[in-house]
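**Q** Sharing a structure, written as structure tokens. Questions coming.
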Amino acid sequence: MRAELTSSDRMRSALKGHIDHEGVQTLLEAAAACDEAQQCLADEDYETALEIALPLVLLQTPVVATRAKETAIAALDELMEQALSAGQPKRALQYIDQWLTLEPKGFFPLLRRAEILQHELGDLHEAWTAYLQVLRHYPQSIEAFLGLAQLALSEGNPERAYSYILRAWQCLAQSEWGYTPSARTMQSVFEDLYDITAGMLHWLGSADEARALTEKAIALLGETEVLKERMQIIEELGD
């Protein structure tokens, strides 16, 4: 009987030692804050959503922190695009930097950072570094290879561009994608890939091969503005 009572006392003591009313209250408050941040996100109040969600990412409770992180990233994504639409690429980069503190190896923000540096700010040196950082974590990134090829061509260095174009084709079957690989994304990437490759063939001295490749691309992807322009260049310059 005494052993049974001792066992009961021990179990009761263990339960009492783990009952934490303050911990329950903290979790309830954090969950409510997550709900509020999510509602702000739905209402397109992205600044407030980010302001509420960021402190919650530091919580030691994984389920709350993970949810808050997802909300914060969604808000940062929207804020970045808003900044770009408003013609504020430097501000967009600030949002991406915040994003990368939450997700240091995030494929999309790493790639988006490189693209903004290249296309919006024209900072080719930093864009090189940013694309190489993408490849450090995602060595089969077809988007990064294309970005580097474009940078090389913009610097008037087709020899350097050649190696990146070749690697883009070589990694095609195992390619990694920073953007969601939808039909629209692939269409855009493949337009650029065919366009740059045809330009390289033309530079290497074969207008016929460049023309044939562009015709094949048009048959596959449609007569897009990019490919129409490439065909015009081939016809105008010839061999």
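**Q** Looking only at residues in segment 159-196 that are surrounded by 20 or more Cβ atoms within 10 Å (Cβ to Cβ) and among the aromatic types (Phe, Trp, Tyr), which one is nearest to GLU143 (Cα to Cα)?
**A** TYR164
**Q** Next up: On the given criteria, is SER85 more than 30 Å from ILE116 (Cβ to Cβ) and of a type in the set (Ser, Thr, Tyr)?
**A** Judged against the criteria, SER85 is not a match.
**Q** Of the residues ALA173, ALA168, ALA149, ALA144, which is modelled with pLDDT under 95 and closer than 15 Å to PHE190 by Cα?
**A** Of ALA173, ALA168, ALA149, ALA144, the one residue that is modelled with pLDDT under 95 and closer than 15 Å to PHE190 by Cα is ALA173.
To keep it simple, each residue is scored yes or no on (1) surrounded by fewer than 21 Cβ atoms within 10 Å (Cβ to Cβ); (2) without any contact (Cβ under 8 Å) to a residue 24 or more places away in the chain.
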position	(1), (2)
ASP45	yes, yes
LEU56	no, no
THR61	yes, no
THR71	no, no
LEU111	no, no
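**Q** If I ask for residues that are more than 29 Å from GLU29 (Cβ to Cβ) and in contact with a Leu (Cβ under 6 Å, 6 or more places away or on another chain), which ones from segment 70-96 would you list?
**A** Residues satisfying the conditions are PRO89, ALA92.
**Q** Every residue in segment 5-63 that is on the phi > 0 side of the Ramachandran plot and β-branched (Val, Ile, Thr), please.
**A** Listed by number, the list is empty, since nothing qualifies.
**Q** Let me ask something else about it. Applying the selection to segment 96-151, what residues are part of a loop (DSSP other than H, G, I, E, B), among the charged types (D, E, K, R) and under 14 Å from the mean Cα position of the chain (by Cα)?
**A** Hits for segment 96-151 are GLU103, LYS105.
**Q** For segment 48-69, enumerate the residues that are in contact with a Leu (Cβ under 7 Å, 6 or more places away or on another chain) and either at pLDDT 95 or above or part of a helix (DSSP H, G or I) (or both).
**A** Across segment 48-69, the qualifying residues are ALA49, LEU50, VAL57, VAL64, ALA65, ALA68, LYS69.
The values are calculated or read from the model by the stated rules, or taken from the named source; none is laboratory data. This is a predicted model, so every value here is computed, not measured. Every residue, glycine among them, receives a Cβ derived from its backbone with ideal geometry; neighbour counts consider all protein chains shown.
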